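One structure is given below, encoded as structure tokens.
The values are calculated or read from the model by the stated rules, or taken from the named source; none is laboratory data. Since the model is a prediction, treat every value here as computed from it, not as a measurement. Positions of Cβ are backbone-derived with ideal geometry, glycine not excepted, and every protein chain shown enters the neighbour counts. Note: accessible area is taken over every heavy atom of the protein model, side chains too, but ligands, DNA and RNA are not part of it. Shrake-Rupley method; radii C 1.70, N 1.55, O 1.52, S 1.80 Å.
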Amino acid sequence: MIRQMPDFKRTVLVVDDDDVNRNILGAIVEREYNVIYAKNGREALKQIELNASFLSLVLLDLIMPELDGFEVLEELAKDSALRKLPVIVLTSDKSAEIRSLELGAADFLSKPYDIPEVILARIRHSIQLFENARIIQATENDFLTGLYTSDYFYEYGRFYDLHHPDDEMDAIAVDFSHFHLLNELHGQDTGNLVLKKIADGIKNVISEKGGIACRYDADTFYVYIKHGAEYITLLREITEKLSSVLSSQEIRIRIGVYSDKKHELNFRSRFDRALQACNGLRNKADTAFAIYDEEMHQQQLFNARLLQDFESAINERQIKVYYQPKYNILGEIPLLSSCEALVRWIHPELGFINPEVFIPLFEENGLVQKLDRYVWKEAAAQMHKWNEAYGVILPVSVNVSRIDISSPDLADFICKTVNENKISPKDFLLEITESAYTENFQQIIDTVNILRKKGFKIEMDDFGAGYSSLNMLTTLPIDVLKLDKGFINNISKGNREMRMVEMILDIARFLKVPVIAEGVETKEQVELLKHAKCDVIQGYYFSKPLPPEDFNSLIEKDMEIRKDISSGKK
């Protein structure tokens, strides 16, 4: 049997200048409530001020000396915190009811007090309405920004649409890009202040233009406003507010808009589309706006199809693992040193699907962990096959995503995978992107340390593509550094990009960390990197990613070269 918690006893203030009436009413109320008393309006205001935190209701006589009941109601109406306190007016004058209502009274009790049950019922009803309103108000607003909570926002928006079916409205999503980095660099207090400033900018717009807004998620806001170009005003107002807290380079606001003039979509779906438009700006620095259109709609349908087909893609082995070689260029002749496992999806109906499309999609929807583990198993099994066929162990790099890092069985799963295929952990190379380090620094460090103790080597992938500093190289537990192809694309002798690459190579040599340059496509790039003493090169200059059966020829060719070198022919 579940026992209910005992209900607390509410407190009621009885205000009447007549001792007899005050005592009679107090005796009735004391049956169910704690009672405090006041003899006139001035004393009543003092009692209200002293007991405001737990006072549930005021029984207020209208005709009193010093300060009458009307004047008490007027004073309460001036205070935003007290104006909602329920007041039941005590009067025998029916003509006073209208004025009392206008001043905020909740109900009336007629003198003389003849039926105690009616009095208590009216008090219970008024207190219940008051407390329900306070509960609703507590769940109505986000505690930090003062905007609506998302649940209240959705309900309010649906109610608005019901009563304004012809209004043309815009659903707008506002997001602060890389908000987690702001918290890490400046601390949570600054992060909270930024959220408040964004909310202030939004409030300015909706107070002038009309509309409602909520804090949907940590750093994402929704605005529902009359159709038009208000998102431009919105960006200006938010930017102006943030400029008092952040530098212009640190302000990274994205705005997605969905217009549904005929309310053809339900309320929540409109904001899903606005958010999709907003999220599409993640890697675009040239604009802060995106408007959901038919192209985005088709992309949404395409994404839904990919998510739907994911399980069958794994089970039917539509998803293939290709391998791109890495060549050591420190000697006179480049030698095959390892390769990277790269995923390819050959859909039976849609054909080749670009990994840059489906991998971010699977990351967003929590499927990337299953994809990664599928790749790990395939890569480990392939290493075993190459060892049996050629008698060599070719190290293979596999990607470890941010979602993988948070999995408590990560180390156990990878260890089991390599053990089942009779390969050494040191040859199963784990690539973790630079951006993963910046997003959850301590968890990454702890996990990497565990993996390295078990014998695995860690490659920091895409170095230079994120927001880390060179100082990270001195503190992170890594074994190999992979330069992002963005560094390599534009290098030429003596230019800024090349000097940057040379500087990173110098630091890496000082730290005794080998460097892999990925995305190398031309002979000139190879020569420049070789001259700068880069250790390993990966890219189309040597080979595109290949299926295992085609990669075999690279192994065979490398074996011949090594044989010739050892025999002195090269």
| message | Restricting to the stretch 68-100, and then to whatever is of a type in the set (A, V, I, L, M, F, W, C) and either more than 23 Å from Ser53 (Cα to Cα) or part of a helix (DSSP H, G or I) (or both), can you tell me which residue is most open to solvent (accessible area, probe 1.4 Å)? | response | Ile98
| task | Read through the list (1) part of a loop (DSSP other than H, G, I, E, B); (2) touching a helix residue (DSSP H, G or I) at 6+ places or on another chain (Cβ under 7 Å), then give the number of the only condition that Lys9 fails. | result | (2)
| said: Looking at the structure I just gave you, is Arg124 open to solvent by 50 Å² or more (accessible area, probe 1.4 Å), touching a residue at least 12 places away in the same chain (Cβ under 8 Å) and part of a helix (DSSP H, G or I)? | reply: yes
| note | Residue hits (the stretch 213-246; of a type in the set (A, V, I, L, M) and more than 18 Å from Arg273 (Cα to Cα)) are Ala218, Ile232, Leu234, Leu235, Ile238, Leu242, Val245, Leu246
| When both residues are 6+ apart or on different chains and their Cβ atoms are under 9 Å apart, which pairs have a first residue that lies in the stretch 238-259 and is polar (S, T, N, Q), and a second that is open to solvent by 50 Å² or more (accessible area, probe 1.4 Å) and assigned to a loop (DSSP other than H, G, I, E, B)? | Ser259/Glu168; Ser259/His227
| task | Six or more apart or on different chains, Cβ under 9 Å: which pairs go from a residue in the stretch 289-307 that's free of Cβ contacts under 8 Å to residues at least 40 places away in the same chain to one that's open to solvent by 80 Å² or more (accessible area, probe 1.4 Å)? Could you list them? | result | Ala290/Lys284
| query | Taking the stretch 221-232, which residues are within 24 Å of the chain's Cα centre (by Cα) and open to solvent by 10 Å² or more (accessible area, probe 1.4 Å)? | reply | Tyr231, Ile232
| said: Show the residue pairs meeting these rules: Cβ distance below 7 Å; 6+ apart or different chains; first residue within the stretch 101-117 and at positive phi and in a loop (DSSP other than H, G, I, E, B); second residue at pLDDT 85 or above and loosely packed, with under 14 Cβ neighbours inside 10 Å. | reply: Gly104/Ala77
| request: Just give me the residues in the stretch 368-387 being more than 26 Å from Gln443 (Cα to Cα) and either at pLDDT below 95 or not charged (D, E, K, R) (or both), in sequence order. | output: Ala381, Gln382, Met383, His384, Trp386, Asn387
